[in-house]
Amino acid sequence: MIRILAIETSCDETAMALLEAEGGLKKPNFKVLKNIVSSQIEIHRPFGGVVPNLAKREHLKNLPIIFEQIKSLDFKIDIVAVTVGPGLEPALWTGINFAKEIHKKYFPKAKLMGVNHMEGHLYSFLLQQKTVQTSNIKHRTSNIFPAVGLVVSGGHTILVLMESLIKWKKLGETRDDAVGEAFDKVARMLELPYPGGPEIQKLAIHGRPTSIDFPRPMMKTKDYDFSFSGLKTAVLYYLRSMSTVRCSMKTKADICASFQQAAVDTLVYKTARAVQEFGTKSVILAGGVAANKFLRETLKTRTLNLKANFYAPEMEFNTDNAAMIGASAYISYLKNKNRALRARSNLSL
Ligand code: KG4
Ligand code: ZN
């Protein structure tokens with residue numbers, strides 16, 4: 001059994017987790033002992049988005065406070081893992097420097113590992129909530145691969161074909177906005193608070209998804225790329241075309257429902273096509289937008305219709321957290337792979 005302390009500071013969440021891992025590459029098994037996420041949403045909200053230097057300041061303030069809570073557990077650590085990218089460079093450096101500091105001071109014998117944030121998202125479906133035992137993982141792993149992975153976050157929209165936990169190739173990605181970014185930008189147009197994804201989901205429940213026929217850019221193209229900028233612009237033009245300056249809550253709800261439907265249609269269509277083309281056994285959904293219930297349900301139904309298995313993270317592991325960084329560190333450790341402890345804002349999957 002390997003015990004991992006993981007740190008995540010790539011954007012606006014200061015997160016730290018303590019987890020135990022075992023089982024190797026064939027049946028990785030994780031027990032999350034602590035999963036602490038200190039959100040900076042309230043601090044960035046007045047600016048309508050994340051302000052990098054404010055994020056850095058908050059990470060510097062929060063890291064020692066969170067570490068105190070974990071340190072009190074009195075433990076032995078085998079790996080100290082930290083996100084090195086992609087993300088905001090000043091924010092990434094706070095986590096990296098803090099990891100180096102505590103490694104030197106408290107766990108000099110542990111392995112210090114740099115982790116790719118997107119790989120963390122991709123592996124987050126392997127994590128179980130603290131209270132749940134991980135007994136069904138063994139059964140699950142044998143049914144997973146080959147798989148199509150759809151990683152949807154605020155900065156990325158990527159489709160991958162996974163041969164195994166450690167071998168995959170990118171099938172496609174967004175050519176412009178990430179889908180989470182489109183949710184956030186549309187929410188802003190509708191004067192909804194940041195981050196917009198959850199707000200759009202909430203309002204969409206009260207709207208009619210077929211009320212406005214927004215475009216589905218690139219949905220039917222032969223490749224596996226995505227595009228969300230045109231959809232976002234279509235919402236802007238729709239708002240401009242309205243006679244009143246402020247729209248009613250009912251209209252906003254219709255816009256949210258129709259926008260969400262268009263975005264989800266595109267994601268589900270291309271993911272399903274990949275499942276069919278490559279005959280995969282399953283679909284793995286990951287990233288902050290995986291928290292969207294409509295996307296989860298629609299993709300799950302479509303996947304099951306194709307007789308494939310559907311995996312998505314438990315709710316607490318969708319948006320940024322450090323447990324997923326720990327999971328990814330374990331897989332890299334098994335592969336004997338490590339990343340340099342240097343912030344890389346554009347690191348890709
Ligand atoms: O993975 P994540 O926490 O951070 C990045 O790595 O980017 O993803 C954040 C993104 C934001 O764009 C946020 O609006 C979106 O995930 N998001 C959602 C929902 N919850 C978070 N989008 C749609 N529906 C949600 N329920
Ligand atoms: Zn993320």
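The values are calculated or read from the model by the stated rules, or taken from the named source; none is laboratory data. All values reported here derive from a predicted model rather than from experimental measurement. When we count neighbours, we look across all protein chains shown, and the Cβ atoms used for this are built from the backbone with ideal geometry, even at glycine. Keep in mind that these areas ignore ligands, DNA and RNA; they rest on the heavy atoms of the full protein, side chains included. Shrake-Rupley method; radii C 1.70, N 1.55, O 1.52, S 1.80 Å.
A few points about this structure:
- Region 197-210 residues that are open to solvent by 40 Å² or more (accessible area, probe 1.4 Å), paired with ones that are of a type in the set (Asp, Glu) (beta carbon under 7 Å, 6 or more apart): 208/254
- Of all residues in region 300-325, those that are of a type outside the set (Ser, Thr, Tyr), out of contact with any Ser or Thr (no Cβ under 8 Å at 6 or more places or on another chain), over 18 Å from residue 145 (Cβ atoms) and away from ligand 1 (no atom under 16 Å from the Cβ) total 1.
- Selection from region 62-78 of residues that are of a type outside the set (A, V, I, L, M, F, W, C) and over 11 Å from residue 38 (Cα atoms): 64, 68, 69, 71, 72, 74, 76, 78
- Qualifying residue in region 287-294 (condition: more than 21 Å from residue 158 (Cβ to Cβ), of a type outside the set (S, T, N, Q) and crowded, with 21+ Cβ neighbours inside 10 Å): no
- Being under 23 Å from the mean Cα position of the chain (by Cα) and not basic (Lys, Arg) is a description that applies to residue 89.
- Residues of region 227-254 that are in a helix (DSSP H, G or I), closer than 19 Å to residue 177 by Cα and of a type outside the set (Ser, Thr, Tyr): 230, 231, 232, 234, 235, 236.
- Any chance residue 20 is within 16 Å of ligand 1 (Cβ to nearest atom) and either out of contact with any Asp or Glu (no Cβ under 8 Å at 6 or more places or on another chain) or closer than 18 Å to residue 316 by Cβ (or both): no
- Residue selected from region 1-56 under the condition of a type in the set (Gly, Ala, Ser), part of a loop (DSSP other than H, G, I, E, B) and open to solvent by less than 40 Å² (accessible area, probe 1.4 Å), by the criterion farthest from residue 345 (Cα to Cα): 24
- Residues in region 150-164 that are open to solvent by less than 10 Å² (accessible area, probe 1.4 Å) and more than 14 Å from ligand 1 (Cβ to nearest atom): 159, 160, 162.
- For the residues 232, 281, the requirement of being in contact with a strand residue (DSSP E or B) (Cβ under 8 Å, 6 or more places away or on another chain), in contact (Cβ under 8 Å) with a residue 24 or more places away in the chain and among the charged types (D, E, K, R) singles out 281.
- Residue among 238, 194 that is within 16 Å of ligand 2 (Cβ to nearest atom), open to solvent by 30 Å² or more (accessible area, probe 1.4 Å), of a type outside the set (Asp, Glu) and in contact (Cβ under 8 Å) with a residue 12 or more places away in the chain: 194
- Test result for residue 330, more than 16 Å from ligand 1 (Cβ to nearest atom), of a type outside the set (Gly, Ala, Ser), buried (at least 24 other Cβ atoms within 10 Å of the Cβ) and touching a residue at least 24 places away in the same chain (Cβ under 8 Å): yes
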